Amino acid sequence: MALLEIKDIHKSFGNLHVLKGIDLTVNKGDVIAILGPSGSGKTTLLRCINYLETADVGFMTFKNQSYDLSNTSKKEIADLRKHTGFVFQNYNLFANKTALQNVTLGLTVARNVSKEDADLIGMQMLEKVGMQDRANHYPSQLSGGQQQRVAIARALATSPDIIYFDEPTSALDPELIQEVLSVMKTLANEGMTMVVVTHEMAFAKNVSSHVILMEEGKIVEEGNSKDFFENPKQERTKEFLRKEEM
Amino acid sequence: MELFLESFPKIFISGIVITLPLALVSFIIAMLIAIVCAIIQYAKVPIAKNIVQFYIWIFRGTPMLVQLFIMYFGMQSIGVRISAITAAIIVFSLNTGAYCAETIRGSIESVPQGQMEAGYCVGMSYMQIMMHIILPQAFRSAFPSLFNNLISLVKDTSLAANITVTEMFMQTERIAGRTYQFMQLYIEVAFVYLIFCTVLTWLQAWGEKKLNYYQAGR
């Protein structure tokens, strides 16, 4: 049984039809890279499956629980989010909280974990992303790469079954991208289930287990990453890969 | 000089025991009203939102002096007896609350939407995100304007003299009426208001520095 199964998501913003029927299956331990040109709907897809946007149509099964992506109660959404993590393009760290507080807030406030236990978990997570020395720094005192690593620690702290990454390195200076990617690689190697919207071809090629290419709200091609890069079936995929290699 | 030594302590003390408490109590109530109204408007709660808008419209659109007269003399004339000081506190709270509500709403709206989304994604509820993330940040950006409102309020409490509250200005008037030294006494009372507002300005600067804890380079 798949961890996450999505059927037929549609989403429009006004007249703009952004998602035109997307199906997606994620098994435990999968690392799925979603590629595609800007405006292809990758980010919207990710936001819809965590209810940051409400889809017009769409169904999801997550941990054997069914969800209607176009209409769900607040309680169901809250329950779902207790099992997922989300990493944003622009980090979205809580500006008025330290790195450690950013990581522990989901535990102490949302899950009633005691402060001592939460701090312990928080420090472990910061250590995992190499940020334990900056535990008491505020986001404004950290570089983009450091903020994104704290954001990953925050997503990890609540031990989610899956983490969604929305272009986690797109807002970073080139020299900071690597520190974030290497954290993500470690997670992938540890068996974390991840869905990653990205422009980093090397990550898709070397770290992800599966790759999906999206264009104009549809999936063009999907497959395991070896096949995708070495034997693309669709002309469009070949063209996309050629352009990316230049 | 003799008059000064006799009158200044009286004016100053009535400022400490009436004017400042009147302003502070009204301001605290105003803040509570303002936060609730701001959240109702921000969250676009149906009906309640319209009531809040109506309230702000009324209290920002009419003079405070008229509001005081309605609340005290007007109410009295239709048989509702409220003590002058209560009427003053009600009007000052509602009036300042209306202004602060708009300030706080604007500050809440200026907190980036991503903060709310990130809160949801770690499993927090709307109210939890409000209390821990949005309001503290909004409060920081609202702080200078809110303090502005407080300083205005301290001076506006002098209007309460018109509805028989013996606050600092009324006290001054009485001494002036007795001694006929109008110029000197009005300047004395102006000076006391200036002292109060100067201290508040210092407090504001200190508070802003304290609240900057999470902002680098400020």
Anything in segment A:122-148 that is open to solvent by less than 50 Å² (accessible area, probe 1.4 Å), in a helix (DSSP H, G or I) and within 14 Å of another protein chain (Cβ to nearest Cβ)? List them, or say none. A:Gly122, A:Met125, A:Pro139, A:Gly144, A:Gln146, A:Gln147, A:Gln148
Go through segment A:78-94 and give me each residue that's closer than 24 Å to A:Leu3 by Cβ and at the interface with chain B (Cβ under 8 Å from one of its Cβ atoms). A:Ala78, A:Arg81, A:Lys82, A:Thr84, A:Gly85, A:Phe86, A:Phe88
Residue under evaluation A:Lys74, criteria (1) more than 19 Å from A:Tyr138 (Cβ to Cβ); (2) more than 10 Å from chain B (Cβ to nearest Cβ), criterion not met: (2)
Within segment A:1-18, count every residue that is more than 21 Å from A:Ile163 (Cα to Cα), in contact (Cβ under 8 Å) with a residue 60 or more places away in the chain and of a type in the set (A, V, I, L, M, F, W, C). 1
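Being away from chain B (no Cβ under 11 Å) and touching a His at 6+ places or on another chain (Cβ under 7 Å): is that true of A:Lys63 here? Break it down stepwise before answering.
Details: away from chain B (no Cβ under 11 Å): yes; touching a His at 6+ places or on another chain (Cβ under 7 Å): yes.
Criteria met by A:Lys63.
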Does A:Lys97 qualify as being at the interface with chain B (Cβ under 9 Å from one of its Cβ atoms) and at pLDDT below 95? no
For residues in segment B:41-67 being among the charged types (D, E, K, R) and open to solvent by 90 Å² or more (accessible area, probe 1.4 Å), which is modelled with the lowest pLDDT? B:Lys44
Within segment A:154-164, residues among the polar types (S, T, N, Q) and within 9 Å of chain B (Cβ to nearest Cβ) come out as A:Thr158
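On the given criteria, is A:Lys97 touching a residue at least 24 places away in the same chain (Cβ under 8 Å), open to solvent by 20 Å² or more (accessible area, probe 1.4 Å) and among the charged types (D, E, K, R)?
Numbers: touching a residue at least 24 places away in the same chain (Cβ under 8 Å): yes; open to solvent by 20 Å² or more (accessible area, probe 1.4 Å): yes; among the charged types (D, E, K, R): yes.
Taking the combined requirement at face value, the residue satisfies it.
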Would you confirm, using the coordinates I've provided, whether B:Val154 is over 19 Å from the mean Cα position of the chain (by Cα) and surrounded by 15 or more Cβ atoms within 10 Å (Cβ to Cβ)? no
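Working only within segment B:160-198, note down all residues that are polar (S, T, N, Q), in a helix (DSSP H, G or I) and touching a Lys or Arg at 6+ places or on another chain (Cβ under 9 Å).
Here is the first cut: in segment B:160-198, the ones polar (S, T, N, Q) are B:162, B:164, B:166, B:171-172, B:179, B:181, B:184, B:198.
Subset that is in a helix (DSSP H, G or I): B:162, B:171-172, B:179, B:184, B:198.
Answer for segment B:160-198, where residues must be polar (S, T, N, Q), in a helix (DSSP H, G or I) and touching a Lys or Arg at 6+ places or on another chain (Cβ under 9 Å): B:Gln171, B:Thr172.
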Within segment B:15-40, the residues that are buried (at least 21 other Cβ atoms within 10 Å of the Cβ) and over 18 Å from the mean Cα position of the chain (by Cα) are B:Ile39
So if I check each of A:Ala151, A:Ala110, which one is in contact (Cβ under 8 Å) with a residue 40 or more places away in the chain, assigned to a helix (DSSP H, G or I) and within 11 Å of another protein chain (Cβ to nearest Cβ)? A:Ala151
Filter segment B:122-151 down to residues that are within 8 Å of chain A (Cβ to nearest Cβ) and either open to solvent by less than 50 Å² (accessible area, probe 1.4 Å) or of a type in the set (Asp, Glu) (or both), then give me how many there are. 7
Do we find a residue being more than 14 Å from the chain's Cα centre (by Cα) and buried (at least 20 other Cβ atoms within 10 Å of the Cβ) anywhere in segment A:187-197? no
Can you say whether B:Ser107 is surrounded by 21 or more Cβ atoms within 10 Å (Cβ to Cβ), over 19 Å from A:Gln101 (Cα atoms) and either in contact (Cβ under 8 Å) with a residue 12 or more places away in the chain or over 28 Å from the mean Cα position of the chain (by Cα) (or both), as far as the supplied structure shows? yes
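The values are calculated or read from the model by the stated rules, or taken from the named source; none is laboratory data. Bear in mind the structure is a predicted one, so any value in this text is a computation, not a measurement. FYI the Cβ positions are ideal-geometry reconstructions off the backbone, even for glycines, and counts take in every protein chain you see. What goes into the accessible areas is simple: the full protein's heavy atoms, side chains included, and nothing from ligands, DNA or RNA. Shrake-Rupley method; radii C 1.70, N 1.55, O 1.52, S 1.80 Å.
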